[in-house]
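First the structure, in the form of structure tokens, and then the observations on it.
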Amino acid sequence: MSSSKDGYHHGDLARALEDAAMQLLERMPAAEISLREVARAANVSHNAPYHHFADRLGLLKAIAERSMADLLEQVRVASVAAGTPRERLIEGGSAYIRFAVEHPHAFDAVYDPTVCVPGSPTATMAPLIQGLEDVLAESATAAGLDTPADGLALWGLIHGLGTLAAAGHFTLDHAIVAHAATVDRLLGESNL
């Protein structure tokens, strides 16, 4: 078997392994995914993942990065599509909450401090984190919530609502309604 990255029947083994890991992540937590299981899912030898990932943590970092890219894209698309600054806050936050509920294992992988060490993200993860922070901050600033504390409170709110809804403490709809109501209170409105 060739040791080159392009010498496998997949044509792009790294991508095939990451795709297999992402499919597994839809069914199980990242902590339960092994390199051997990913190899089996990608239909390659059990040693093949080691050509691209030094160890299991390397694989987990790759799937956390892809998950963060997906989360960022969903939040960005929802925010950009919204009309008013208030709607940007609500729609961007709702997309974040929805991602947490619809992809709980991917969401957990993004925020696992053993995978994405706080203050020390990978070179790939760092701009994704910054991108998410920027989208949330831009929405908050456009709506008049322009202090760092406002942005932090907003992120904490949507993250907490997403986490609690994903864990089954309340429904996605209740989380989104609570988010919208809180945004309205922060903005001094009562449009609900």
Residue match in the stretch 66-76 (condition: surrounded by fewer than 20 Cβ atoms within 10 Å (Cβ to Cβ), among the aliphatic types (A, V, I, L, M) and under 23 Å from ALA165 (Cα atoms)): yes
Failed criterion for SER120 (all others in (1) surrounded by fewer than 22 Cβ atoms within 10 Å (Cβ to Cβ); (2) touching a residue at least 40 places away in the same chain (Cβ under 8 Å); (3) of a type outside the set (Asp, Glu) hold): (2)
Which listed residue is farther than 13 Å from LEU13 by Cα and β-branched (Val, Ile, Thr), from VAL77, VAL38: VAL77
Residue identified as open to solvent by less than 70 Å² (accessible area, probe 1.4 Å), without any contact (Cβ under 8 Å) to a residue 40 or more places away in the chain, over 24 Å from MET22 (Cα atoms) and in a helix (DSSP H, G or I) among ASP134, ASP173: ASP134
Qualifying residue in the stretch 32-45 (condition: polar (S, T, N, Q) and part of a helix (DSSP H, G or I)): no
Candidates LEU17, LEU57 - the one that is surrounded by 21 or more Cβ atoms within 10 Å (Cβ to Cβ), part of a helix (DSSP H, G or I) and either more than 14 Å from the chain's Cα centre (by Cα) or free of Cβ contacts under 8 Å to residues at least 12 places away in the same chain (or both): LEU17
Selected residue (only one of ASP108, ASP146 is modelled with pLDDT of 90 or more and either surrounded by 20 or more Cβ atoms within 10 Å (Cβ to Cβ) or touching a helix residue (DSSP H, G or I) at 6+ places or on another chain (Cβ under 9 Å) (or both)): ASP108
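Residues are listed down the side, and each one gets a yes or a no for (1) within 17 Å of ALA180 (Cα to Cα); (2) basic (Lys, Arg); (3) assigned to a loop (DSSP other than H, G, I, E, B):
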{"position": "LEU72", "(1), (2), (3)": "no, no, no"}
{"position": "ARG76", "(1), (2), (3)": "no, yes, no"}
{"position": "ARG86", "(1), (2), (3)": "yes, yes, no"}
{"position": "TYR96", "(1), (2), (3)": "yes, no, no"}
{"position": "HIS105", "(1), (2), (3)": "no, no, no"}
{"position": "ASP108", "(1), (2), (3)": "no, no, no"}
{"position": "ASP112", "(1), (2), (3)": "no, no, yes"}
{"position": "VAL115", "(1), (2), (3)": "no, no, yes"}
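The values are calculated or read from the model by the stated rules, or taken from the named source; none is laboratory data. No experiment lies behind these values; they were computed from the predicted model shown. FYI the Cβ positions are ideal-geometry reconstructions off the backbone, even for glycines, and counts take in every protein chain you see. Accessible surface is based on the protein model in full, side chains and every heavy atom, while ligands, DNA and RNA are left aside. Shrake-Rupley method; radii C 1.70, N 1.55, O 1.52, S 1.80 Å.
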